[in-house]
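Below is one structure, written out as structure tokens, with a few remarks after it.
Coordinate-derived values only; no laboratory data. These figures come from a predicted structure and were not determined experimentally. As a convention, Cβ positions derive from the backbone with ideal geometry for all residues, glycine included, and neighbour counts pool all protein chains shown.
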Amino acid sequence: MNAEVDKILKANNVPPSQYESKFGEKPVREFGSWPGALLTILLMPTLALALQMSCNKSKGAGLTQPSTNWRVYFDLFSAAYYLAFMAWQILLSSVPLGRKASYGPVHARLTGFYNLLLTLSVLGGLYYYGFNVTTVVNKSVA
């Protein structure tokens with residue numbers, strides 16, 4: 001580290017464990033810490049919905065002006081399905097399934113495959129018992 005930066009950190013009582021790293025000069029951090037993770041959680045479904053809304057059965061993805069009526073984009077039943085799916089994924093993510101992985105100072109549990117299996121099992125069970133699991137897709141593709 002730079003000697004000047006070292007003096008500043010010592011003057012501010014920053015312990016060396018916070019700025020020294022065995023992986024090089026810069027400490028290893030996740031993308032954006034918790035704001036980056038929150039942005040990713042919100043951005044991924046938004047991107048998927050934007051791609052799905054860009055085309056329908058009558059035309060492909062074109063450069064047409066989207067509707068300004070908010071009721072075209074918001075359906076209460078579909079929103080309830082989406083919120084239930086997100087709550088299910090949050091519940092599954094909080095269960096400690098899968099093996100632990102360590103990437104330097106970052107520790108994680110690899111639960112994605114188990115979450116996929118449990119989600120597909122629940123969707124298959126709902127379909128078996130007569131629930132219409134394709135309602136959201138049927139409503140969104142006009």
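The table below gives the values:
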| read-out | value |
| --- | --- |
| Long-range neighbours under 7 Å by Cβ, at least six apart or interchain, first residue over 22 Å from S33 (Cβ atoms) within region 95-108, second in a loop (DSSP other than H, G, I, E, B) | L97/T111; G98/L110; G98/T111; R99/L110 |
| Subset of region 44-53 [among the aliphatic types (A, V, I, L, M) and within 17 Å of Y73 (Cα to Cα)] | L47, A48, L49, A50, L51, M53 |
